[in-house]
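S.K.: Would you mind keeping the following structure in view while I ask a few things?
Read the figures in this text as sums done on the coordinates, not as results from a lab. Remember, it's a predicted structure, so these values are computed and weren't measured experimentally. Quick reminder, even Gly has a Cβ in these numbers, built from the backbone with ideal geometry, and neighbours come from all protein chains shown.
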Amino acid sequence: MTHHDNHPFADCILNDDCIEALKPVPDETVDLVVTDPPYLVNYKDRSGRSIIGDDNGDWLKPAFSEIIRVLKNHAFCVSFSGWNEVDKFMTAWKDVGFKPVGHLVWHKHYASNSRYLNYRHEQAFLLAKGNPPIPVMILDDIHPWTYSGNELHPNQKSVEIIKPLIRAFSRQDELVLDPFAGSGTTALAARNTGRKYLAIEKDKNYYDTAIRRLR
Ligand SMILES: C[S@@+](CC[C@H](N)C(=O)[O-])C[C@H]1O[C@@H](n2cnc3c(N)ncnc32)[C@H](O)[C@@H]1O
């Protein structure tokens with residue numbers, strides 16, 4: 001038994017707005033955040049599926065202030081973001097007290113879009129609360145992309161790209177939070193690496209998908 005078994009939200013998936021859902025989570029009880037929030041690009045896929053919160057960034061600062069409150073001191077938050085509205089993300093992160101300590105890039109073997117450039121990368125920022133210890137295993141900041149197939153969610157990430165992040169920035173049995181969980185990829189990656197998870201998803205359809213996936 002570790003103390004994480006006693007966390008009131010260990011291995012939970014919640015169907016709510018994360019700003020509300022995080023309120024009852026006690027301060028400084030999460031070991032790692034790995035999340036993929038809306039990129040603020042009004043995304044629609046070919047079948048017209050859109051993403052809650054993708055049309056404005058009003059949620060950014062309130063959500064990340066809850067996220068940093070529940071995160072332990074001297075710990076990490078890995079957040080994906082698009083490049084388009086990166087100023088809004090960076091402002092919110094810095095305003096709430098996160099310090100950017102790295103930038104991760106995944107190189108796609110296909111272009112997800114093409115206009116002024118062939119858009120072939122995804123990115124995430126490594127954010128620190130306090131001064132986390134140097135990880136035992138140091139990750140490169142560039143990686144090959146693995147395509148998820150997007151069958152469960154239009155922005156679905158592959159479990160294979162999330163697992164190395166969880167292994168590098170948390171330990172066995174620790175609690176990993178994803179407040180923008182989509183189809184539950186982070187939760188599954190956490191379970192498959194022997195961690196606990198807390199996943200929050202506002203859209204009932206994706207919440208149901210995450211529940212089914214983790215069952
Ligand atoms: C980019 S997607 C995450 C996809 C996920 N990484 C996956 O692999 O399935 C972002 C998700 O955040 C959800 N979302 C948006 N605003 C939210 C909020 N305030 N609270 C909780 N979830 C929210 C959206 O419904 C969407 O499913």
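S.K.: Could you say which residue among D54, D27 is farther than 17 Å from E174 by Cα and among the acidic types (D, E)? Explain how you work it out, then say what you get.
M.R.: Values: D27 fails: farther than 17 Å from E174 by Cα.
When all the criteria are applied, what remains is D54.
S.K.: Right, next: Scan the stretch 160-169 residue by residue and report those that are of a type in the set (A, V, I, L, M), surrounded by 22 or more Cβ atoms within 10 Å (Cβ to Cβ) and under 20 Å from I134 (Cβ atoms). Spell out how you get there, then give the answer.
M.R.: Our first condition is that a residue be of a type in the set (A, V, I, L, M); within the stretch 160-169, this holds for 161-162, 165-166, 168.
Next, only the ones that are surrounded by 22 or more Cβ atoms within 10 Å (Cβ to Cβ) stay: 162, 165-166.
Once the filter is applied, which keeps residues that are of a type in the set (A, V, I, L, M), surrounded by 22 or more Cβ atoms within 10 Å (Cβ to Cβ) and under 20 Å from I134 (Cβ atoms), the stretch 160-169 yields L165, I166.
S.K.: Can you tell me which residues in the stretch 9-41 are over 23 Å from P100 (Cα atoms), away from the ligand (no atom under 13 Å from the Cβ) and assigned to a loop (DSSP other than H, G, I, E, B)?
M.R.: Pass one, the stretch 9-41, residues over 23 Å from P100 (Cα atoms): 9-17, 20-21, 23-26.
With away from the ligand (no atom under 13 Å from the Cβ) added as a condition, the list becomes 9-12, 24-26.
Within the stretch 9-41, F9, A10, D11, P24, V25, P26 meet the criteria.
S.K.: Which residue is farthest from the ligand (Cβ to nearest atom), if the candidates are limited to the stretch 118-159 and must be surrounded by 15 or more Cβ atoms within 10 Å (Cβ to Cβ) and among the charged types (D, E, K, R)?
M.R.: Among those residues, the one meeting the criterion is K129.
S.K.: Condition first: surrounded by 16 or more Cβ atoms within 10 Å (Cβ to Cβ) and assigned to a strand (DSSP E or B). Now tell me which residues in the stretch 82-112 satisfy that.
M.R.: Hits for the stretch 82-112 are L104, W106.
S.K.: Might you check whether a residue that is farther than 16 Å from P132 by Cα, over 16 Å from the mean Cα position of the chain (by Cα) and of a type in the set (A, V, I, L, M) occurs anywhere in the stretch 28-50? If you could, list the steps in order and put the result at the bottom.
M.R.: Of the stretch 28-50, the ones farther than 16 Å from P132 by Cα are 35-50.
Going one step further and asking which of them are over 16 Å from the mean Cα position of the chain (by Cα), we end up with 41-50.
Those still in the list that are of a type in the set (A, V, I, L, M) too: 41.
Yes, because at least one residue in the stretch 28-50 is farther than 16 Å from P132 by Cα, over 16 Å from the mean Cα position of the chain (by Cα) and of a type in the set (A, V, I, L, M).
S.K.: Turning to a different aspect of this structure: Output the residues belonging to the stretch 172-185 that are more than 16 Å from the ligand (Cβ to nearest atom) and within 15 Å of L71 (Cβ to Cβ). First the steps, then the outcome.
M.R.: Here is the first cut: in the stretch 172-185, the ones more than 16 Å from the ligand (Cβ to nearest atom) are 172-175.
E174, L175, listed by residue number.
S.K.: Within the stretch 186-215, how many residues are within 18 Å of R171 (Cα to Cα) and either within 9 Å of the ligand (Cβ to nearest atom) or in a helix (DSSP H, G or I) (or both)?
M.R.: 7
S.K.: Being small (G, A, S) and closer than 24 Å to I166 by Cα is the filter here; which residues of the stretch 21-60 pass it? Give the derivation first.
M.R.: Step one: list which residues in the stretch 21-60 are small (G, A, S), which gives 21, 47-48, 50, 53, 57.
Hit for the stretch 21-60 is A21, nothing else.
S.K.: Which ones in the stretch 50-66 are within 10 Å of the ligand (Cβ to nearest atom), part of a loop (DSSP other than H, G, I, E, B) and over 15 Å from E20 (Cβ atoms)?
M.R.: If the condition is that a residue be within 10 Å of the ligand (Cβ to nearest atom), part of a loop (DSSP other than H, G, I, E, B) and over 15 Å from E20 (Cβ atoms), then I51, D54 are the ones that fit.
S.K.: Might you check whether a residue that is in contact (Cβ under 8 Å) with a residue 40 or more places away in the chain and surrounded by fewer than 16 Cβ atoms within 10 Å (Cβ to Cβ) occurs anywhere in the stretch 46-69?
M.R.: Checked the stretch 46-69: at least one residue is in contact (Cβ under 8 Å) with a residue 40 or more places away in the chain and surrounded by fewer than 16 Cβ atoms within 10 Å (Cβ to Cβ).
S.K.: Can you tell me which residue in the stretch 67-81 is farthest from V33 (Cα to Cα), limited to those that are more than 14 Å from the chain's Cα centre (by Cα) and outside any strand (DSSP E or B)? Before you say what the answer is, go through the steps one by one.
M.R.: Step one: filter the stretch 67-81 for residues more than 14 Å from the chain's Cα centre (by Cα), giving 69-70, 72-75.
Still in the running and outside any strand (DSSP E or B): 69-70.
Numbers: R69: 11, V70: 10 Å.
Filtering the stretch 67-81 for residues that are more than 14 Å from the chain's Cα centre (by Cα) and outside any strand (DSSP E or B), the one farthest from V33 (Cα to Cα) comes out as R69.
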